[in-house]
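Q: Below: one structure in structure tokens.
The numbers here are math on the coordinates, done by the rules we state, and not lab data. What you see is a predicted model, and the numbers here were worked out from it, not measured in a lab. With ideal geometry, Cβ positions are generated from the backbone for all residues, glycine too; neighbour counts draw on all protein chains shown.
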Amino acid sequence: MTTTSASTFLKPFALRYSAGSSPRVVRRHTLPASEFRNLSLSDALSVFEIEREAFISVSGECPLHMDEVRHFLELCPELSLGWFEEGRLVAFVIGSGWDKDKLSQDAMTIHVPGGSTVHIHVLAVHHKCRQQGKGSIILWRYLQYLRCLPTVKRAVLMCEDFLVAFYQKAGFKDIGPSGIAVGPLTFTEMEYALGGGAYLRRNSGC
Ligand SMILES: CC(C)(COP(=O)(O)OP(=O)(O)OC[C@H]1O[C@@H](n2cnc3c(N)ncnc32)[C@H](O)[C@@H]1OP(=O)(O)O)[C@@H](O)C(=O)NCCC(=O)NCCS
């Protein structure tokens with residue numbers, strides 16, 4: 001799946017804030033109040049700032065270090081999604097392609113192009129914007145977006161136990177303990193089936 005087709009799907013978000021202008025020439029004189037789009041390398045610093053506060057300041061570790069953020073935004077920007085308010089990143093998801101039933105250590109660093117699984121490495125919301133529904137909303141939009149990618153059949157992630165309920169509420173299923181541990185941290189693996197994609201694609205404007 002190419003960046004072009006992903007941005008085609010995201011186009012309505014960009015156009016929503018250009019009412020009155022021609023759809024072909026989108027001129028913005030002010031930053032959009034709210035915008036969802038794929039991330040690019042130029043967003044890596046903003047991503048890492050949110051990660052630093054969300055994870056490093058809490059446990060000393062984070063899902064993706066700066067070089068890994070850059071690595072995935074370079075390799076598979078179409079599997080990322082950012083939520084910007086007036087140009088500022090408030091929430092994001094970064095994923096990469098994967099092709100096995102369970103996540104293994106390799107999944108932490110590689111992207112399998114065209115893989116039938118998307119591994120969600122990280123979902124995070126800026127600390128000033130938490131508990132306002134933003135985490136649930138961006139996750140939902142991301143999953144709807146994945147439905148439009150023809151090869152993707154499911155999304156998987158690993159999370160700490162205290163977030164299992166959050167992901168279950170979003171429709172993920174607990175598929176057992178993850179084989180991966182980071183120091184003393186252990187994780188549960190969660191799966192979201194994107195089945196029925198063909199029907200949904202025909203009826204969702206993808
Ligand atoms: C986890 C996170 C993405 C949730 O986003 P959010 O915008 O704050 O969450 P929402 O407002 O959409 O949803 C709130 C729900 O999530 C639950 N939740 C959020 N953070 C939680 C936490 N740290 N522990 C337990 N539950 C949590 C809340 O209890 C709430 O449940 P309720 O609706 O039953 O009251 C956000 O808190 C965050 O960025 N945390 C730091 C990074 C992180 O842990 N990311 C996930 C691992 S990759």
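Q: Give the stretch 152-169 a look and list any residue that's surrounded by 15 or more Cβ atoms within 10 Å (Cβ to Cβ) and within 14 Å of the ligand (Cβ to nearest atom), or say none.
A: Across the stretch 152-169, the qualifying residues are Ala155, Val156, Leu157, Met158, Cys159, Leu163, Val164, Phe166, Tyr167.
Q: Only one of Ala44, Ala91, Ala124, Ala54 is buried (at least 16 other Cβ atoms within 10 Å of the Cβ), farther than 17 Å from Tyr167 by Cβ and not aromatic (Phe, Trp, Tyr); which?
A: Values: Ala91 fails: farther than 17 Å from Tyr167 by Cβ; Ala124 fails: farther than 17 Å from Tyr167 by Cβ; Ala54 fails: farther than 17 Å from Tyr167 by Cβ.
The conditions single out Ala44.
Q: Can you name every residue in the stretch 128-151 that is within 16 Å of the ligand (Cβ to nearest atom) and among the charged types (D, E, K, R)? Can you show your working first?
A: As a first pass, look at the stretch 128-151 and keep what is within 16 Å of the ligand (Cβ to nearest atom): 128-144.
Selection gives Lys128, Arg130, Lys134, Arg141.
Q: Select from the stretch 134-177 the residues that are closer than 18 Å to Ile94 by Cβ and among the hydroxyl-bearing types (Ser, Thr, Tyr) and list them in ascending order.
A: Scanning the stretch 134-177 gives Ser136, Tyr142, Tyr145, Tyr167.
Q: A further question follows. Out of Leu163, Leu139, Leu157, which single residue is out of contact with any helix residue (DSSP H, G or I) (no Cβ under 6 Å at 6 or more places or on another chain) and part of a strand (DSSP E or B)?
A: Numbers: Leu163 fails: part of a strand (DSSP E or B); Leu139 fails: part of a strand (DSSP E or B).
None of the other options fit; the residue is Leu157.
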